[in-house]
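The values are calculated or read from the model by the stated rules, or taken from the named source; none is laboratory data. Fair warning: this is a prediction, and the values are worked out from it, not measured in the lab. So basically every Cβ, Gly included, is an ideal-geometry build from the backbone, and we count neighbours across all protein chains shown. Areas reflect the complete protein model, heavy atoms only, side chains present, ligands, DNA and RNA absent. Shrake-Rupley method; radii C 1.70, N 1.55, O 1.52, S 1.80 Å.
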Amino acid sequence: MLDNIPITVLMATYNCGQYILTSVNSILRQRYRNFELLIIDDGSDDNTEALIRSLNSQKIRYIKLKHIGFSAALN
């Protein structure tokens, strides 16, 4: 069955504090449970980091970079 195949969901963000909780919670509510959510923050200077950390989920891996641009952050 496919439930035993772990996947990584990749999300890049930059100053998306007003939308980040809606996006992250949507992913965390998925029926498929064998995943991690890797969030790459491209140097946000809003409340994005605090909001993500407030979720305190074992499913989330958060990496904050200095602002280098969307494509570079994904690489």
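Scan the stretch 13-25 for residues that are open to solvent by less than 90 Å² (accessible area, probe 1.4 Å) and out of contact with any strand residue (DSSP E or B) (no Cβ under 8 Å at 6 or more places or on another chain) and jot them down. If the condition is that a residue be open to solvent by less than 90 Å² (accessible area, probe 1.4 Å) and out of contact with any strand residue (DSSP E or B) (no Cβ under 8 Å at 6 or more places or on another chain), then ASN15, CYS16, GLY17, LEU21, ASN25 are the ones that fit.
Pull up the stretch 42-72, narrow it to residues that are among the charged types (D, E, K, R) and within 30 Å of ASN4 (Cβ to Cβ), then point me to the one that is nearest to the chain's Cα centre (by Cα). Among those that are among the charged types (D, E, K, R) and within 30 Å of ASN4 (Cβ to Cβ), it is ARG61. Quick one: in the stretch 26-49, which of the residues that are of a type outside the set (Ser, Thr, Tyr) and without any contact (Cβ under 8 Å) to a residue 12 or more places away in the chain is surrounded by the most Cβ atoms within 10 Å (Cβ to Cβ)? Here the residue is GLN30.
Of the set (1) under 17 Å from LEU74 (Cβ atoms); (2) open to solvent by 50 Å² or more (accessible area, probe 1.4 Å); (3) out of contact with any helix residue (DSSP H, G or I) (no Cβ under 8 Å at 6 or more places or on another chain), all apply to LEU10 but (3).
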